[in-house]
Amino acid sequence: RDLSADMAQFYSDPLGFVRYVFPWGRDLLTQHPGPDTWQEEFLAELGAEVKARNFDGHTPVAPIRMTRASGHGIGKSTMSAWLALWVMATRPRAKGTVTANTSAQLQNKTWAQLQHWHKLAIVRHWFEISTEKMWMRDQKESWFVAATSHEEKNSEAFAGQHAGDSTSFYIFDESSGISDKIFDVAEGGLTDGEAMEFLFGNPTQNSGKFYRVNFGSERNGWNHRSIDSRASRFTNKVLIAEWAERYGEDSDWFRFRVKGEAPRVG
């Protein structure tokens, strides 16, 4: 069948894309019938954001800005991988940057998830992937997503990413630990085309960009939610109950590690 035509149908349907391109209920996903409830809701809302902007291929539209603060273990790095694959498979000449709060998180979790889900995707033969970059075959410089260190001294690596006739996108994993300077520089990549910015993480701090877009002064400009780990089918409910007993459900520790709420004390 014509995969390119199928992918075009998923331009504004990331949930349909995720359901279609992976072998749910088979092979490595035998135990998984599909995305978790929060993931389905996120992808459906993203699709609505795309439709609302109705990008015509050249006139810049308002950037899509989505963020989720959550407790541990709900599949945020998995979502990051799906988003990168969806943008890359549905938008010719897309350019993306993926980063995380530490190099270990970026390589061993966030980027490792992209490598994992790339292997499972029906469009895997379209793309080549290394430890630092995934690109459309024969279009390495014009259609790619790259893993980029978040250190402040590396902030210029986030500048100059433009895709005027496509999508320039940024994915930030464990965003609480990423400096405001990185986010400031990335803003320049949201000025043309159909730009997108996604932030995920445990809200470990009560200041900084991730705090502001989820709980503070910038939240009105973002599609934002807090996800309680107890609502995810992937999390260890026995361990969470143990934490609740040990620390108390209203403790700061439990707030950001389970409830996806910001701590009261920094």
Practice prompt. Tell me, yes or no, whether region 239-253 has at least one residue that is surrounded by fewer than 23 Cβ atoms within 10 Å (Cβ to Cβ) and β-branched (Val, Ile, Thr).
Written response: yes
Practice prompt. Evaluate the following for residue 96: is it assigned to a strand (DSSP E or B) and among the small types (Gly, Ala, Ser)?
Written response: yes
Item to complete: Test residue 197 against the criterion of being among the acidic types (Asp, Glu), more than 14 Å from residue 76 (Cα to Cα) and open to solvent by 60 Å² or more (accessible area, probe 1.4 Å), and give yes or no.
Response: no
Response to the item:
Residue hits (region 145-188; at pLDDT 95 or above and of a type in the set (Asp, Glu)) are 165, 173
Practice prompt. Would you confirm whether any residue within region 116-124 is out of contact with any strand residue (DSSP E or B) (no Cβ under 8 Å at 6 or more places or on another chain), open to solvent by 40 Å² or more (accessible area, probe 1.4 Å), under 26 Å from residue 35 (Cβ atoms) and in contact (Cβ under 8 Å) with a residue 24 or more places away in the chain?
Written response: yes
Discussion item. Here are the criteria: (1) in contact with a Phe, Trp or Tyr (Cβ under 7 Å, 6 or more places away or on another chain); (2) surrounded by 19 or more Cβ atoms within 10 Å (Cβ to Cβ); (3) touching a residue at least 40 places away in the same chain (Cβ under 8 Å). Tell me which single one residue 92 does not satisfy.
Written reply: (2)
Item to complete: Report, ordered by the first and then the second residue, all pairs with beta carbons closer than 8 Å, sequence separation of six or more or different chains, a first member in region 42-61 that is more than 17 Å from residue 17 (Cβ to Cβ), and a second member that is assigned to a helix (DSSP H, G or I).
Response: 61/53
Practice prompt. Only residues that are over 14 Å from residue 68 (Cβ atoms) and either touching a strand residue (DSSP E or B) at 6+ places or on another chain (Cβ under 8 Å) or part of a helix (DSSP H, G or I) (or both): list them for region 15-48, please.
Written response: 15, 16, 17, 18, 19, 20, 21, 27, 28, 29, 47, 48
Discussion item. Can you tell me which of (1) in a helix (DSSP H, G or I); (2) in contact with a helix residue (DSSP H, G or I) (Cβ under 7 Å, 6 or more places away or on another chain); (3) modelled with pLDDT under 95; (4) crowded, with 16+ Cβ neighbours inside 10 Å is the one residue 105 doesn't meet?
Written reply: (2)
Discussion item. I want to confirm something. Restricting to region 125-143 and keeping residues that are of a type in the set (A, V, I, L, M, F, W, C) and over 15 Å from residue 80 (Cα atoms), which single residue is surrounded by the most Cβ atoms within 10 Å (Cβ to Cβ)?
Written reply: 143
Fill in: Cβ pairs under 7 Å, 6+ apart, first in region 235-254 and farther than 28 Å from residue 35 by Cβ, second open to solvent by 60 Å² or more (accessible area, probe 1.4 Å) and of a type outside the set (Ser, Thr, Tyr)
247/253; 252/264; 252/265
Worksheet entry | Which numbered condition residue 33 fails, given (1) open to solvent by 10 Å² or more (accessible area, probe 1.4 Å); (2) closer than 19 Å to residue 226 by Cα; (3) more than 15 Å from the chain's Cα centre (by Cα) | (2)
Worksheet item: Exactly one of (1) closer than 26 Å to residue 216 by Cβ; (2) outside any loop (DSSP other than H, G, I, E, B) is unmet by residue 85. Its number?
Response: (1)
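Which residue out of 225, 233 is open to solvent by 60 Å² or more (accessible area, probe 1.4 Å), in contact with a Lys or Arg (Cβ under 6 Å, 6 or more places away or on another chain) and not in a helix (DSSP H, G or I)?
Values: 233 fails: in contact with a Lys or Arg (Cβ under 6 Å, 6 or more places away or on another chain).
Exactly one of 225, 233 is open to solvent by 60 Å² or more (accessible area, probe 1.4 Å), in contact with a Lys or Arg (Cβ under 6 Å, 6 or more places away or on another chain) and not in a helix (DSSP H, G or I), namely 225.
The values are calculated or read from the model by the stated rules, or taken from the named source; none is laboratory data. These figures come from a predicted structure and were not determined experimentally. Positions of Cβ are backbone-derived with ideal geometry, glycine not excepted, and every protein chain shown enters the neighbour counts. Just the protein is used for accessible areas: all its heavy atoms, side chains included, with ligands, DNA and RNA removed. Shrake-Rupley method; radii C 1.70, N 1.55, O 1.52, S 1.80 Å.
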